[in-house]
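Asker: Would you mind keeping the following structure in view while I ask a few things?
The values are calculated or read from the model by the stated rules, or taken from the named source; none is laboratory data. What you see is a predicted model; the values in this text were computed from it and never measured. No Cβ is skipped: glycine too gets one built from the backbone with ideal geometry, and neighbour counts run over all protein chains shown. For accessibility, only protein heavy atoms count, side chains too; no ligands or nucleic acids. Shrake-Rupley method; radii C 1.70, N 1.55, O 1.52, S 1.80 Å.
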Amino acid sequence: MELKRTAFKAYDIRGKYPEEVNEELAYRIGRVFAKSFAAKKVVVGHDIRLSGPDIRDALVQGLTDMGCDVIDIGQCGTEMIYFATYFWQLDGGIMITASHNPKDYNGMKLVREGARPISADTGLKDIENKAIAGELGEIAATKGSVEQKDIMADYVDHILAYVDKKDLKPLKIVVNAGNGAAGPILDEMEKALPFEFIKINNEPDGNFPNGVPNPILLENRVATAKAVRENNADVGIAWDGDFDRCFIFDEKGDMIEGYYIVGFLAKAFLDKNPGAKIIYNPRLIWNTIEIVEEAGGIPVMCKSGHAFIKEMMRKVDAVYGGEMSAHNYFREFTFCDSGMITWLLVLELVSKANQPLSKMLAERMQRYPISGEINSTVKDGAAVMLKMEELYGPKGQVDKTDGLSVAFADWRFNLRISNTEPVIRLNVEARGDKELLDAKTKELLEIIRA
């Protein structure tokens, strides 16, 4: 079978099954991974996609052919692979997932010892080249073993340790797993928490009977919002397919942009860790910087993307990092992102506050209104970026940490070219002026889309 490079992205492997991601590719990746990292023992798991077990079997064969022992934890979420790699002190981990992509997609996320990510800059490109070329190394004289093992109890115990259960109140919460991998974990966590769980789409189902588990899509927010309102719930939470991201809804059923959650959690971490460093990315910044500095912390800017953020967090020993994309990273979770720790921390804050979530965030949202990320399909992204810098750069403060950011006294924008599709992503924020925000967003889009 002829293999394609199109499945190899900046931070993972992802594509249509079986045209781009298939058993042959998985087998080759297993062999190259084992050889490249001299891996003696690796953990493997998969999400709810129907092709997951077949890809897992091929991947495991590739690993064991090289003499690498494999621990198979079965169906899981991506962060469970991160946790298992670190907890069991393994040489690496491979998660079979396409996260929030349609059901006919699959892929792989790779980490090395200590759950350190493998991206294009740290070995994924080399794996791509060798797998495509068939440079797989010699099969071992003695094949590796395969062991099925359950990480659930240890993982849940670790996750629950992030909150003080005595501070939690019997809140009513809507949880929407999107028929992804989060359902079984929620069932287990429910036993140890005082919350009243209202579960929707909780059963894992790779057919995605209620749509792709991607709460970023407006149509996929409706079910969670409706359930919150109908049940007078205090909070709603929805996850993507491999639950490394969660999306928070207030008691009115309105989804809160991930940007505001970053500042919200940063303040909570600084209350417990005075003077700590907090990582944020350049897409939207003012709210986070202000909260961190007022709380006595040190804000540290980092390029978007989990590999960059995890590296920066380790470098500066940051206690927490967050992206507006709903990826939240925690030092005590080996600097990895978790969609389970995030919502637990939010509910701990709501429990302590004695006021609804919408009121807790209203002042910050009014102080720094945002456009939300807006995608525009363009033929030549580089040309658009150059044009925007020529038009706005001379009048504002330019930063190129991640794409193009230009800041003015009372508004700023960030423009980034997508790594995976022919679109440009725009984010705009303002200082307390929604009308200015709307006007500038319209102005920018007219130029971008001209």
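Asker: If a residue must be part of a loop (DSSP other than H, G, I, E, B) and either of a type in the set (Gly, Ala, Ser) or open to solvent by 10 Å² or more (accessible area, probe 1.4 Å) (or both), how many such residues does the range 43-55 contain?
Answerer: Residues meeting the conditions: 3.
Asker: Restricting to the range 124-161, give me the number of residues that are among the β-branched types (Val, Ile, Thr), out of contact with any strand residue (DSSP E or B) (no Cβ under 9 Å at 6 or more places or on another chain) and either open to solvent by 30 Å² or more (accessible area, probe 1.4 Å) or outside any helix (DSSP H, G or I) (or both). Please lay out each step first, then the result.
Answerer: In the first step, residues of the range 124-161 are kept if they are among the β-branched types (Val, Ile, Thr); the result is 127, 132, 139, 142, 146, 151, 156, 159.
Now restrict to residues that are out of contact with any strand residue (DSSP E or B) (no Cβ under 9 Å at 6 or more places or on another chain): 139, 142, 156, 159.
Still in the list and also either open to solvent by 30 Å² or more (accessible area, probe 1.4 Å) or outside any helix (DSSP H, G or I) (or both): 139, 142.
Within the range 124-161, residues that are among the β-branched types (Val, Ile, Thr), out of contact with any strand residue (DSSP E or B) (no Cβ under 9 Å at 6 or more places or on another chain) and either open to solvent by 30 Å² or more (accessible area, probe 1.4 Å) or outside any helix (DSSP H, G or I) (or both) number 2.
Results for (1) in a loop (DSSP other than H, G, I, E, B); (2) on the phi > 0 side of the Ramachandran plot; (3) among the charged types (D, E, K, R), shown as yes or no for each residue.
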{"residue": "Ala10", "(1), (2), (3)": "yes, no, no"}
{"residue": "Val21", "(1), (2), (3)": "yes, no, no"}
{"residue": "Leu25", "(1), (2), (3)": "no, no, no"}
{"residue": "Arg31", "(1), (2), (3)": "no, no, yes"}
{"residue": "Asp57", "(1), (2), (3)": "no, no, yes"}
{"residue": "Leu63", "(1), (2), (3)": "no, no, no"}
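Asker: Would you check which residues across the range 97-123 are charged (D, E, K, R) and open to solvent by less than 40 Å² (accessible area, probe 1.4 Å) and list them? Steps first, please.
Answerer: First pass over the range 97-123, keeping only residues charged (D, E, K, R): 103-104, 109, 112-113, 116, 121.
Correct list: Lys109 only.
Asker: Sticking with this one: Could you list, in sequence order, all residues of the range 354-393 that are free of Cβ contacts under 8 Å to residues at least 60 places away in the same chain, closer than 30 Å to Phe264 by Cα and either open to solvent by less than 30 Å² (accessible area, probe 1.4 Å) or more than 23 Å from the chain's Cα centre (by Cα) (or both)? Break it down stepwise before answering.
Answerer: The initial filter retains those residues of the range 354-393 that are free of Cβ contacts under 8 Å to residues at least 60 places away in the same chain, namely 354-355, 359, 362-363, 375, 377, 379-383, 385-386, 389-393.
So of that shortlist, the ones also closer than 30 Å to Phe264 by Cα come out as 354-355, 359, 362-363, 375.
Residues satisfying the conditions are Asn354, Gln355, Lys359, Ala362, Glu363.
Asker: Out of the residues in the range 199-252 meeting the condition of being among the small types (Gly, Ala, Ser) and not in a helix (DSSP H, G or I), tell me which one is surrounded by the fewest Cβ atoms within 10 Å (Cβ to Cβ).
Answerer: Gly211
Asker: Looking only at residues in the range 279-303 that are touching a Ser or Thr at 6+ places or on another chain (Cβ under 9 Å) and more than 26 Å from Gly236 (Cα to Cα), which one is modelled with the lowest pLDDT?
Answerer: Lys303
Asker: Let me ask something else about it. Taking only pairs six or more apart or across chains, which ones have beta-carbon atoms under 7 Å, a first residue in the range 403-432 that is open to solvent by 50 Å² or more (accessible area, probe 1.4 Å), and a second residue that is of a type in the set (Val, Ile, Thr) and in a strand (DSSP E or B)?
Answerer: If the second residue must be of a type in the set (Val, Ile, Thr) and in a strand (DSSP E or B), the pairs left are Ile417/Ile424; Pro422/Thr377.
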